[in-house]
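For reference, the structure is listed below as structure tokens.
The values are calculated or read from the model by the stated rules, or taken from the named source; none is laboratory data. Only a predicted model underlies this, so the values are computations on that prediction, with no experimental measurement involved. Every residue, glycine among them, receives a Cβ derived from its backbone with ideal geometry; neighbour counts consider all protein chains shown. What goes into the accessible areas is simple: the full protein's heavy atoms, side chains included, and nothing from ligands, DNA or RNA. Shrake-Rupley method; radii C 1.70, N 1.55, O 1.52, S 1.80 Å.
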Amino acid sequence: MTRRQLLRHTAWFGSAVVLTIAGGEVISQLGGGDPPSAAADDANALRFVQISDSHIGFTGPANTMVEQSFSEAIGQINALPYRPSFVMHTGDLTHLSTPDQFDQVRQMLGTIRTDQTYTVPGEHDGVDDHGAKYRQFFGKGTKGDGWYSFDLGGAHFISLVNTLGLETMGHLGADQLEFVRKDVAHLSSDTPIVVFSHIPLFAMYPKWGWSTDDSVQALSYLKRFASVTCLNGHVHQLFTKTEGNVTFFSATTTAYPLPKPGEGPAPTPVTLPAGQLHAALGIREVSYVRGGQQGLAIKDRRLV
Ligand SMILES: [Zn+2]
Ligand SMILES: [Zn+2]
């Protein structure tokens, strides 16, 4: 699959995308069924799971049981044939940022069979306090408004907060941009970089705020790296795009779908016909083999 074909291939479930860097060129393969990469079976592979947009506390008709579907997503992670190194929740943990909702989602995350859970805040996690309650529950060890980075399995992971300076779209701000610049300065250019954020770092649909106004600056610090993968939530649907050395993957939700870009007047919850909700929800498996071909294998799975 060429880069151009990947660009056109906007959403899928149950297929694997393998991104391989060879001679500086991104080679992407789309396969059906199980991940074709060795990463899936390699005991040395780093494997993690991304979940997103659980919206604990949401009570609308699009999903009257968000706690139940989030719990099912956790069950699906716990039933994986391996124990993920970590699980990343890319934001909108809660719907309205109440202490009860934060407490509930934290307790639920604590039931996941994994070494570590990480989070980034969505705009629903900073409804009335610029993320203060979010940081009380999830901000331990983070910097600034809650950003941080870590190294694992030979890759470097950066978790960004682009939901707090929110006016019309995502925003990182000068302090966080400086954090990114310094954070990667010491890394060698062949270190695979994975960036987490709630709102996409690419212009998925700026009219609905599905973009980050200063992400170009952040990505400019990552230009020299051979492999950069950005994983986000917020849009409640699968989408991927490659720009230069960076590939972006929007994740689906465990709560309720949103319309496709431009379909309808606003990104408001979509109520699907009875029995169809689970097919729109899911979890994402990601694997990476150190010292391999620097490929990140990504597999989106429907909620079962
Ligand atoms: Zn959301
Ligand atoms: Zn959001």
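If each of THR64 and SER220 carries a label point 7 Å out from its Cα toward its Cβ, how far apart are those two points in nm?
About 5.2 nm, to one decimal.
For an R0 of 30 angstrom, estimate the FRET efficiency from the Cβ-Cβ distance between ASP190 and LEU80 and round to the nearest 0.05.
So, using R0 = 30 Å, E works out to roughly 0.55.
Would you mind checking the pairs LYS140/LYS260; LYS143/LYS223; LYS260/LYS299; LYS140/LYS182 and listing those with alpha carbons more than 30 angstrom apart?
In this structure, LYS140/LYS260 lie more than 30 Å apart at Cα.
What share of the DSSP beta bridges in segment 237-304 is antiparallel, in percent to the nearest 5?
90
I need the shape label for segment 80-232. Rule: rounded when a/c is under 1.5, else prolate if a/b > b/c, else oblate, with a, b, c from the alpha carbon gyration tensor.
Oblate.
For segment 227-234, what does the Karplus curve 6.51 cos²θ - 1.76 cosθ + 1.60, with θ = phi - 60°, yield as ³J(HN,Hα) per residue in whole Hz, taken in order and with x for Gly and Pro?
Working through the residues one at a time gives 9, 10, 10, 10, 10, 9, x, 6 Hz.
For a quick check: with amide H placed at 1.01 Å from N, whose amide H comes under 5 Å from LEU152's, ignoring anything fewer than 5 positions away on the same chain?
PHE157
To check you understand DSSP bridge types, tell me what percent of the beta bridges within segment 155-263 (both residues inside) are antiparallel, rounded to 5.
If we restrict to bridges inside segment 155-263, about 30 percent are antiparallel.
When ligands, DNA and RNA are left out and all protein chains stay put, how many square angstrom of accessible area per residue does segment 117-245 have with a 1.4 Å probe?
With all protein chains present, segment 117-245 gives 38 Å² per residue.
Count the net charge of all other residues whose Cβ sits under 12 Å from the Cβ of ASP115, scoring Lys and Arg as +1 and Asp and Glu as -1.
Combined, the nearby Lys, Arg, Asp and Glu give +3.
Taking θ = phi - 60°, what integer Hz values does the Karplus form 6.51 cos²θ - 1.76 cosθ + 1.60 yield along segment 103-118, in sequence order, with x for Gly and Pro?
5, 5, 5, 5, 4, 5, 4, x, 8, 7, 7, 7, 6, 7, 10, 10
Let me have the relative contact order for segment 196-304, percent, based on Cα pairs under 8 Å that are six or more residues apart.
Once normalised by length, the contact order is 19 percent.
Could you list which residues have their amide H under 5 Å from that of PHE239, counting only those 5 or more apart in sequence or on another chain, with H placed in the peptide plane?
SER250
Fully extended, how many nm does the chain gain between SER71 and LYS143 (0.36 nm per residue separation, minus their Cα-Cα distance)?
Here the segment from SER71 to LYS143 would lengthen by 23.0 nm.
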